[in-house]
Amino acid sequence: MTDPIADFLTRIRNGIQAAHETVHIPASKLKRELARILDEQGYIEGYDVEAPNADHPGEVLRVRLKYTADRRSAISGLRRVSRPGQRRYVGATEIPKVQGGLGTAILSTSQGVMTGHDARREKVGGEVVAEVW
């Protein structure tokens, strides 16, 4: 797999389209941070990290998807911005506003992974990993 973050976003997107309650994703530190931000912003119900077992040799991230009462997902869209073939770095003043401020940009900065709103407040730039709305 050449782009694990795109795989993370695609698994969530596919889980939403199939109306699954949970999605299992191979874990990494960056994926845990992405799940933490999605949880803090209210896009998912929560996430757990499962220890390695006979079925999965590495840790597995179990993401609980969030739906409204009429079974519509809390996530309308996910988009990978910075890809392995074309990285996208922005300064603190150039952080994009997703859907006119209604969505969330996720940045990997020198101070860790954070939302675009937090990065603007801290006045740090970095790599725009993904956009969620």
Checklist outcome for this item: Checking Ala54, Ala35, Ala19 in turn, the sole residue that is in a loop (DSSP other than H, G, I, E, B) and out of contact with any Lys or Arg (no Cβ under 9 Å at 6 or more places or on another chain) turns out to be Ala54
Item to check | Selection status of Ala119, among the aliphatic types (A, V, I, L, M), out of contact with any helix residue (DSSP H, G or I) (no Cβ under 6 Å at 6 or more places or on another chain), farther than 18 Å from Ala6 by Cα and surrounded by fewer than 17 Cβ atoms within 10 Å (Cβ to Cβ) | outcome: no
Checklist entry - Does Ala35 qualify as being touching a Gly at 6+ places or on another chain (Cβ under 9 Å) and either touching a residue at least 60 places away in the same chain (Cβ under 8 Å) or open to solvent by less than 20 Å² (accessible area, probe 1.4 Å) (or both)? => result yes
Checklist entry - How many residues does the range 38-69 hold that are open to solvent by less than 100 Å² (accessible area, probe 1.4 Å) and without any contact (Cβ under 8 Å) to a residue 12 or more places away in the chain? => result 5
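Out of the range 70-103, which residues are aliphatic (A, V, I, L, M) and surrounded by 12 or more Cβ atoms within 10 Å (Cβ to Cβ)? Give the derivation first.
Filtering the range 70-103 for residues aliphatic (A, V, I, L, M) gives 74-75, 78, 81, 90, 92, 95, 98, 102.
Within the range 70-103, Ala74, Ile75, Leu78, Val81, Val90, Ala92, Ile95, Val98 qualify.
Please enumerate the residues belonging to the range 64-115 that are assigned to a strand (DSSP E or B) and farther than 17 Å from Leu34 by Cα. Outline the logic, then answer.
The first filter runs over the range 64-115 and keeps only residues assigned to a strand (DSSP E or B), leaving 64-65, 67, 73, 78-80, 83, 86, 89-90, 104-109, 112-115.
Within the range 64-115, Tyr67, Ser73, Gln86, Tyr89, Val90 meet the criteria.
The values are calculated or read from the model by the stated rules, or taken from the named source; none is laboratory data. Everything numeric here is computed off the predicted structure, so don't read it as measured data. Heads up, the Cβs are rebuilt from the backbone with ideal geometry, glycines too, and the neighbour counts pull from every protein chain shown. Surface accessibility is based on the protein's heavy atoms, side chains included, excluding ligands, DNA and RNA. Shrake-Rupley method; radii C 1.70, N 1.55, O 1.52, S 1.80 Å.
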